[in-house]
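All remarks here apply to the structure that follows.
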Amino acid sequence: MSPASKILISLVFLLAPGLVLAYIFLSHSPIMEHAMEKERAAMVKTQLAGRGIGDQRVLRAMGHVPRHKFVPDYLEYKAYEDGPLSIGHGQTISQPYIVALMTELAQVGPEDTVFEVGTGSGYQAAVLGEIAREVYTVEYIEELGREAKERLAALGYKNVHVRIGDGYQGWPEHAPFNAILVTAGIDHIPQPLIDQLAPGGRMVIPVGADALMQELLVIEKNMDGSVQETKTIPVRFVPFLGPKKAE
Ligand code: SAH
């Protein structure tokens, strides 16, 4: 090996740890947090309010939840962009607009108990936790559920409860729910979820026979227990996992 390459290799070995430390330091510094806060405010203004999200509770919640803490480190710089992002295990954190729209369509208020299927990163649950009294959320993939639970606890969301399991069955111990959000695409509405919806409650769920395309439906339960369905917009969610149950 030439002396020049030796020098080069030693330089790389000397510099690399420094660069890693500098990155870790900077990415957690107040300067970086301030930059993220500015990006978040811009996201709320242009992607949400600018596209018709009018519920002040939703806008305030999404202006508050640090979305960049819910994505893998290497994607932090993209956290406030207008799209979904990978969170590993083939799953995604939804586009900010979709999170806002689902929360607005569910008409979540401060007295509500909310159920979510598909915790994923825990971001949607955190947004719900900012608005509602209690949030119960179920994640099918064990590692994602465990990570989300730790993340939500570290960020202080004491009213958000994560469980690992099949959300198809709901969470009967905490039912009825004033709002239910399903964040994975399915070809029918699970009966247990209809059963666990409180009278006057709303469920927002992406339903479609095609695994790549669904319609975002709002299911309202009337006071007499009957339900009515409203179609909103076409959406694309990752598929609902677990044993498929017949209707
Ligand atoms: N709400 C999430 C994004 C959801 S992605 C967020 O804010 O980050 C959809 C999630 O639903 C994935 O994590 C997937 O593992 C989960 N999922 C799919 N089928 C499920 C089921 N039957 N029960 C619970 N979770 C499920």
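The values are calculated or read from the model by the stated rules, or taken from the named source; none is laboratory data. None of these values were measured; they are calculated from a predicted model. Here the Cβ positions follow ideal geometry from the backbone for every residue, glycine too, while neighbour counts run over all protein chains shown. Surface accessibility is based on the protein's heavy atoms, side chains included, excluding ligands, DNA and RNA. Shrake-Rupley method; radii C 1.70, N 1.55, O 1.52, S 1.80 Å.
Couple of notes before you dig in:
- Any hit, the range 237-247, residues being in contact with a His (Cβ under 7 Å, 6 or more places away or on another chain) and under 21 Å from F115 (Cβ atoms): yes
- Filtered residues of the range 18-58 (kept if in contact (Cβ under 8 Å) with a residue 40 or more places away in the chain, open to solvent by less than 20 Å² (accessible area, probe 1.4 Å) and more than 16 Å from the ligand (Cβ to nearest atom)): S27, M36, I53
Each row is one residue, and each column tells you yes or no for (1) crowded, with 19+ Cβ neighbours inside 10 Å; (2) assigned to a loop (DSSP other than H, G, I, E, B); (3) within 14 Å of the ligand (Cβ to nearest atom); (4) at negative phi.
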position: Y168; (1), (2), (3), (4): yes, no, yes, yes
position: N178; (1), (2), (3), (4): yes, no, no, yes
position: L181; (1), (2), (3), (4): yes, no, yes, yes
position: H188; (1), (2), (3), (4): no, yes, yes, yes
position: L193; (1), (2), (3), (4): yes, no, yes, yes
position: V204; (1), (2), (3), (4): yes, no, yes, yes
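- Selection count, the range 86-104, where residues are near the ligand (Cβ under 9 Å from one of its atoms) and either open to solvent by 20 Å² or more (accessible area, probe 1.4 Å) or in a strand (DSSP E or B) (or both): 7
- Apart from one condition, E150 fits all of (1) within 22 Å of F237 (Cα to Cα); (2) within 15 Å of the ligand (Cβ to nearest atom); (3) surrounded by fewer than 17 Cβ atoms within 10 Å (Cβ to Cβ); (4) acidic (D, E); the exception is (1).
- Yes/no for A148 being of a type in the set (A, V, I, L, M) and part of a loop (DSSP other than H, G, I, E, B): no
- Failed item, numbered, when Y74 is tested on (1) in contact (Cβ under 8 Å) with a residue 12 or more places away in the chain; (2) away from the ligand (no atom under 13 Å from the Cβ): (1)
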